[in-house]
Each structure stands twice: as C-alpha cells, then as structure tokens.
Amino acid sequence: MNPLHLRVFREVARLRSIAAAASALGYTASAVSRHIALLEQSVGTALFIRESRGLSMTAAGERLLPHAQAILQRLDLADADMSLLRNGYGDTIRIVASRAVLMRFLAVALEHFRSTDPDVGIVFMLADDGPAQELVLNRTADIAIATDLDKHPPAAGADSEAVVVTPLLEDPLVCALNAKHPLVAEPALTLADVADEMWAVALPRRSATQRLHEAADRQGLTLGHQYVVDDYHAMLGLVAANLAVACVPGISLTPPDPRIVLRLFAEPMLRQVAAVSDPESVTRGPHQRLLLALAAAGEEQEAWLANVTAPATGIRN
C-alpha cells in the first residue's frame, strides 16, 4: 500500500469529509478522491459510503484504519529518528504520554535529563494510557508515562511481564474554582461541598472523570449539570470564566491563571503514575538516567502542587 494513500485515508476517516480532508492536507478535493480510489483499488473493496451528512466507513475501512495508523506512526518515528541521527544525536529515546503529562511534568524531567545527556535525541508521541502501554509492548516506544495501570490491562495475548514498571508518583485530583467562589478560603474541599455546582468534566474515558464519578457514587452524590470537554486546559478556561468548577489531575496543571484557585479534596482521589519501559531499552545508561529524572520530577511535582493548592501562601508559580 502506498503510504501517501494511507495518509489521505486517515485524514478522510478522521474528518468524514473529502472537502475537509482536502483543506487539512492542502490538496484539492479531486486529488483526495483519487487517492481514496487508488487505495480502494489496492485493497479490492470500498472503504467509505457516501451519506447525506457526509461519509461513513465500511467494515473494511474500520478494519484498515488501525493498521494505517500504526504504519504511519512507525514511518513518522523512523523519519524523526533519522532526522535526529543526521543532526548528531547518537541515541534516541521514544516517549509516549498524554498531552497533560507533556505540558509540565515531562518538561521538568527533561530539564534534569538534559544536564546529563544533552546528546540523546527524544521523540514524543501522544496517546492515552491504554494505547501508550501497547506502544511499549509492541516496541514502537521505549517509555510510556501512564496512570492507573490496573485499569488498563494489556490486550488479549500480550505479555504483561514484557515491560518494566517504575512507580513515579501519586497524582491527586484537584478541584479548580474561580477566584470569586465562596469556598476559596477553605484549605481543602469535600466533594459534597461542590457536587451541586456546574461542572466542567473530561470525556468519560479519562481516568479523572472515572475517579470523580466513582467518588460521587460512593458518597451517594449526584453531580450538577456538566460541560463535557476533551481537554483539561479548556476545562480550566471555563473555570476562569466563572462558568464551572472542575476536577483535574494535578499532573496536568501548569502555573494557574490568577482567576483560578486550586484546592485538594479532603478525601484524596489519587492516581498512580508510572513509567512503563521496554526491558531491552531499560538496560541502557541514558534510559536509566531518564527514569531517575522522571522520579526527580515526581518529587518536584508533589512539592509544587502542595504550594499552589495552599490557601495560606496563595497561588505562586
């Protein structure tokens, strides 16, 4: 299969529109249609069905999509690795994590790592916790930063002992309030204090959302109306605008907007954050030093979070 056809296919599958995919790729609509037609000719079956509201995928399209995504990801990684080699990096570590982890926690870890290994190239990939582990298991990535591994068991047939798990920190869920909220003077909040509020929550698959609803059910509480947002920083935007309260992972936080106050819950909701490593890579010196840098970042994260959630000291960067 032609990788270019697969890239076009992936974009059409994502947007369910020839015109939208053409705009995103910088192609004409006729060129996109041609790529899809050639791919369908190659696989011997139709991949899309035209409907009144756009395109839907056939069973063949649904089955091809994960293969296309995996192939393209490997090609992109190979391209990144070769680029690092051309630019003088003798070794490369491939890290997969969620966007929330990349925003601050991983940046702090890499600051430590660069002090010892400035010549090691780093390739980043974005993925949720379950897929992140799978990328290590299939050797697409060297390290995954994942939370609550017990809630994301390996796929059927995968060997869970084929990875090395290094605990990094306990990550509490934090309540984000607007600075004008009447509860900002409280040192810690119970879920009952804010259950009736208008909430900004992440998608149901996010572990923070799952933990929030588990805690509410356990305490016999019903949460108020909700904005559902697939981005923690967009959720905080709603808090800053005084439209909602939010429950966000501490690890996802950056120095907060002055319109936002962060408070811990009196009954902590903790997520276990760990590094999942390829056992072959973990024997290498740079990999071991990166794990040490991640552990150091975990300690700094806990201290930083204690600072920004303390009402006596206010919000400091």
How much of the DSSP bridge set in the chain is antiparallel, in percent, rounded to the nearest 5? 60
How much of the calculated P(r) for the range 227-297 lies past 14 Å, in percent of all Cα pairs? 69
With a Förster radius of 22 Å, plug the Cβ-Cβ distance of residue 283 and residue 162 into 1/(1 + (r/R0)^6) and report the FRET value to the nearest 0.05. 0.95
Treat every Asp and Glu Cβ in the range 3-68 as -1 and every Lys and Arg Cβ as +1, leave all other atoms uncharged, and give the resulting dipole magnitude about the Cα centre to the nearest 20 debye. 100
9 Å beta-carbon shell around residue 68, net charge (K/R +1, D/E -1): +2
For 53, 14, 289, order by how many other beta-carbon atoms lie within 10 Å, fewest first: 53, 14, 289
Where Lys and Arg each count +1 and Asp and Glu each count -1, what net charge lies around residue 254 among other residues with Cβ under 12 Å from its Cβ? +1
Hey, rough spin-label estimate for residue 205 and residue 49, points 7 angstrom out along Cα→Cβ, what's it come to in nanometres? 2.3
How far, in degrees from 0 to 90, does helix 207-218 lean away from the longest principal axis of the Cα atoms of the chain, to the nearest 10? 50
Students often check this: by mean Cβ neighbours within 10 Å, which of 231-241, 32-42, 139-149 ranks highest, and how do the rest follow? 139-149, 231-241, 32-42
For the chain, the dipole about the Cα centre with charges only on Cβ (Lys and Arg +1, Asp and Glu -1), to the nearest 20 debye, works out at 1040
Can you compute the charge dipole magnitude of the range 176-317 about its Cα centre, using +1 on each Lys and Arg Cβ and -1 on each Asp and Glu Cβ, nothing else charged? Give it in debye, rounded to the nearest 20. 200
In a solvent-free Debye calculation with one equal scatterer on each Cα, what is log10 I(q)/I(0) for the range 3-68 at q = 0.16, 0.18, 0.22 Å⁻¹, listed in the order of the q values? -0.44, -0.56, -0.86
Can you give the helix-only mean residue ellipticity at 222 nm for the chain, where every DSSP H stretch with n ≥ 4 adds -39500 (n - 2.57) and the sum goes over all residues, rounded to the nearest 500 deg cm²/dmol? -14000 deg cm²/dmol
Return one number: the angle in degrees, 0 to 90 and rounded to the nearest 10, between the long axis of the Cα atoms of helix 285-308 and the longest principal axis of the Cα atoms of the chain. 40
Work from the charge dipole of the range 1-141 (Cβ charges, +1 for Lys and Arg, -1 for Asp and Glu, about the Cα centre) and give the residue of 48, 2, 71 farthest towards its positive end. 48
Cα long-axis angle, helix 29-43 against the chain (0 to 90 degrees, to the nearest 10): 70
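Any read-out appearing in this document is the output of simple, stated calculations on the displayed coordinates, not a laboratory observation. These numbers come from a predicted model, not from an experiment. In this analysis, Cβ positions are derived from the backbone assuming ideal geometry, glycine residues included, and neighbour counts consider all displayed protein chains.
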